[in-house]
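Data first, discussion second: the structure below is written as structure tokens.
The values are calculated or read from the model by the stated rules, or taken from the named source; none is laboratory data. The structure presented is a predicted model; accordingly, all values stated were derived computationally and were not measured. So basically every Cβ, Gly included, is an ideal-geometry build from the backbone, and we count neighbours across all protein chains shown. For accessibility, only protein heavy atoms count, side chains too; no ligands or nucleic acids. Shrake-Rupley method; radii C 1.70, N 1.55, O 1.52, S 1.80 Å.
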Amino acid sequence: MPHPPLYTVTNAGKEPRFAEIGKRGDPDYLREPIDTGLSKALPISEEQALALAGQGFKVTGPDGKTVSGKKAKAD
């Protein structure tokens with residue numbers, strides 16, 4: 001099984017935040033703490049990268065290009 005590509009997720013905010021993908025209890029749920037101004041390389045899919053970009057994180061793909069996401073709509 002191939003490994004997902006590494007996307008660089010950066011917290012450009014003024015407070016530490018959690019990068020959260022999926023719903024709690026799901027086997028693919030991800031919750032990763034990212035301190036202010038720091039980055040982490042995460043093995044996530046393109047859809048997950050778009051979701052994090054929509055949450056306000058700066059996400060850079062494996063090709064070095066910035067990922068643009070849509071803001072999540074409130075239900």
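Surface composition of the chain: carbon and sulfur make up 54 percent of the accessible area, probe 1.4 Å. The value of relative contact order for the chain, using C-alpha pairs under 8 Å at least six residues apart, is 35 percent. Normalised by residue count, the chain yields a Cα convex hull volume of 100 Å³ per residue. Rounded to the nearest 0.05, what FRET efficiency do residue 31 and residue 65 give with R0 = 35 Å and r taken as the Cβ-Cβ distance? Could you check? Computed FRET efficiency for residue 31 and residue 65 comes out at 0.85. In this structure, residue 50 and residue 24 have a Cβ-Cβ separation that, at R0 = 30 Å, corresponds to a calculated FRET efficiency of about 0.90. Between beta-carbons, use under 9 Å as the cut-off and find the net charge around residue 34, counting Lys and Arg +1, Asp and Glu -1. Net charge around residue 34: 0. At a probe radius of 1.4 angstrom, the accessible area of the chain per residue rounds to 74 square angstrom.
Note on residue 65: aspartates and glutamates with a C-alpha under 14 Å away, same-chain residues under 8 apart excluded, are 46.
Can you pull out the trypsin sites (Lys or Arg not before Pro) in segment 1-64 that DSSP calls coil and that have at most 10 other Cβ atoms within 10 Å?
Passing sites in segment 1-64 are 14, 23, 24.
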